[in-house]
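Report on the following structure.
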Amino acid sequence: MTYQALPLPRQAVNPRLIPAFLVGLALLLAQTLSAHARGAPESFAELAEKVSPAVVNITTSTTVATASGPHGEGPIVPEGSPFEDFFRDFMERNGPDGVPQRPRRSSALGSGFVISEDGYIVTNNHVIAEADEISIEFFSGVELDATVVGIDPKTDLALLKVDTEEPLPFVPWGNSDEARVGDWVMAMGNPLGQGFSVSAGIVSARGRALSGSYDDFIQTDAAINRGNSGGPLFNMDGEVIGINTAILSPNGGSIGIGFAMSSRVATNVISQLKEFGETRRGWLGVRIQDVTEDVADAIGLEEAKGALVTDVPEGPAMEAGVVAGDVILSFDGKDVEDTRGLVQQVGESEIGKSVRMKVFREGKTETLMVTLGRRETAEEAVPAAATPNAEAPSDAEILGLTVTPVTPQIAEEMNLGSDATGLVVKEVDEMSEAFEKGLRAGDVITQAGQVEVTSIDELEARIEDSKDAGRKSILLLIRRAGEPRFVALTLQ
């Protein structure tokens, strides 16, 4: 499929009313303003020349175990064969013919950039992970050894340091929040080991998340390939607004979908690595989930936004009075759109800082003060032991669920844990909404309508209360293997 540009419509001009030269002047002015708005550069040469001295190639060396036969060779597999990766993995694990492995040196290539004249260099963590030696090659051809100052696997960032007597050229950080979709950007690095290389494109999207809780990637169509990892993504002012990290590709090469970690995230991480050699993220101490439309309706919240608290182990939030079922609407003066936004806000906050947090609870809002802890040192919460429900079990079919009170015997049979209380789901009607929303046998209902339930009568009472209040659905707190989540089920 091919695409072609469509001509822009022009408003008709009556030549009898406007002289021809004014028409031409107006069109010229419009074209000039349009080009200025797009910010399309005539060339990237001056920008590339300006920032190149601060961009570096990174070569790492690692000792790995490898397999070899009696004469130092393994099985020969044609390049590109579907069995190539299989035999490579097999040899690295076991060696051909059971021959013991022997160590060898493995090299890897990546990119980076200098952020200060005294030799601090930023790159990706995966570029230097497990490396024994790190060599930095500058644009001038000078090579220096580098040491690792600190790493952050959660954002895949690393900070290196080289010792130098001469001040090094460096590049400044830019504000990635100011980058707009459609803005021009330029990537630099060492793609496929070919040496210093420049590619250009635009910001394709913002706020992309790949796999991490703190992800904030800029998507770009500037060509990024293997070896570009850790290199800078520049705006047109020569400021770093992203660190090239990953590509989406079916064949390993660039197809115009690349991702660069935003400078908004990177500057905070790199600052902590430089000061402490590690990250020190804020910790609130809650388990949360997004607020869906049906959940919002079930609790009487006007908008489906915020972060719904599913569990509050011992920690800062519990000390501040947060309870399961609260919806966190704002944190430290900023609105909370969803769980991802809250995680990032908390993580970027100062440890020990006391912040205001607005929560929605039982139809009204409250403001709580919470003093943040440190995520890296937070201990896993241990649930308080509860008294087992000794009520004789009796089944009931409610909202497509067959439930029965948890007893010590049921808890043992279903491996729920000795502290389990509530109603255990024995069966789920496969034609029900509950099944569609993921409820399964073995789940335990611990709350209904944000009130704890331990008997069928209590569950039915909560359902009737919700109907009397005009609710269209009821919110259930479900635990599976100890992990909590809220599910809203339509009331019949």
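Only the coordinates and a few stated rules stand behind these numbers; no lab work does. Since this is a predicted model, take the numbers as computed values, not measurements. Quick reminder, even Gly has a Cβ in these numbers, built from the backbone with ideal geometry, and neighbours come from all protein chains shown.
Note on Lys437: aspartates and glutamates with a C-alpha under 12 Å away, same-chain residues under 8 apart excluded, are Asp294, Asp429.
For Lys334, neighbours were defined as the other residues whose beta-carbon sits under 14 Å from its Cβ, and their charges (Lys and Arg +1, Asp and Glu -1) total 0. Count Lys and Arg as plus one, Asp and Glu as minus one, and take only other residues whose Cβ is under 9 Å from that of Ala296; the net charge is then -4. Projecting the Cα atoms of Asn190, Phe217, Ala200 onto the charge dipole of region 176-276, computed from C-beta unit charges around the Cα centre, puts Asn190 farthest toward the positive end. Could you pull out every one of the lysines with an alpha carbon less than 28 Å from that of Lys353, ignoring same-chain neighbours closer than 8 positions? Partners within reach: Lys154, Lys274, Lys305, Lys334, Lys364. Of Ala296, Leu329, Trp283, which is farthest towards the positive pole of region 282-377's charge dipole, taken about the Cα centre with +1 and -1 on the beta-carbons of Lys, Arg and Asp, Glu respectively? Towards the positive end, the residue furthest out is Trp283.
Applied to region 344-359, the Karplus parametrisation 6.51 cos²θ - 1.76 cosθ + 1.60 on θ = phi - 60° returns per-residue 3J(HN,Hα) values of 5, 4, 5, x, 8, 8, 6, 5, x, 6, 9, 10, 8, 9, 8, 10 Hz, with x for Gly and Pro. Counted by neighbouring Cβ atoms within 10 Å, the residues Phe360, Phe170 run from fewest to most as Phe170, Phe360. From least to most packed, judged by other beta carbons within 10 angstrom and beginning with the fewest, Asp152, Asp221 follow the order Asp221, Asp152. Each of Leu308, Gly347, Ala260 was placed along the dipole of region 204-356 (beta-carbon charges, centred on the mean Cα), and the one lying farthest toward the positive end is Ala260. The C-alpha radius of gyration of region 396-490, expressed as a fraction of 2.2 N^0.38 Å, stands at 1.00.
Other residues whose C-beta falls under 12 angstrom from the C-beta of Arg264 contribute a net charge of -4, scoring Lys and Arg +1 and Asp and Glu -1.
Can you compute the equivalent ellipsoid semi-axes for region 115-179, i.e. the square root of 5 times each eigenvalue of the Cα gyration tensor, sorted largest first and rounded to whole Å?
20, 18, 9
The fewest-to-most ranking of Thr62, Thr371 by surrounding Cβ atoms within 10 Å reads Thr371, Thr62. For region 176-276, the calculated P(r) over all alpha carbon pairs, in 10 Å bins from 0 to the bin holding the longest distance, is 17, 51, 28, 4 percent.
Rounded to the nearest 20, the size of the Cβ-charge dipole of region 396-490 about its Cα centre is 360 debye, with Lys and Arg at +1 and Asp and Glu at -1.
Averaging the sequence gap over all C-alpha pairs within less than 8 Å and six or more residues apart, then dividing by the number of residues, gives region 176-276 a relative contact order of 25 percent. Annotation for region 257-290 versus region 466-492: alpha-carbon center distance of 34 Å.
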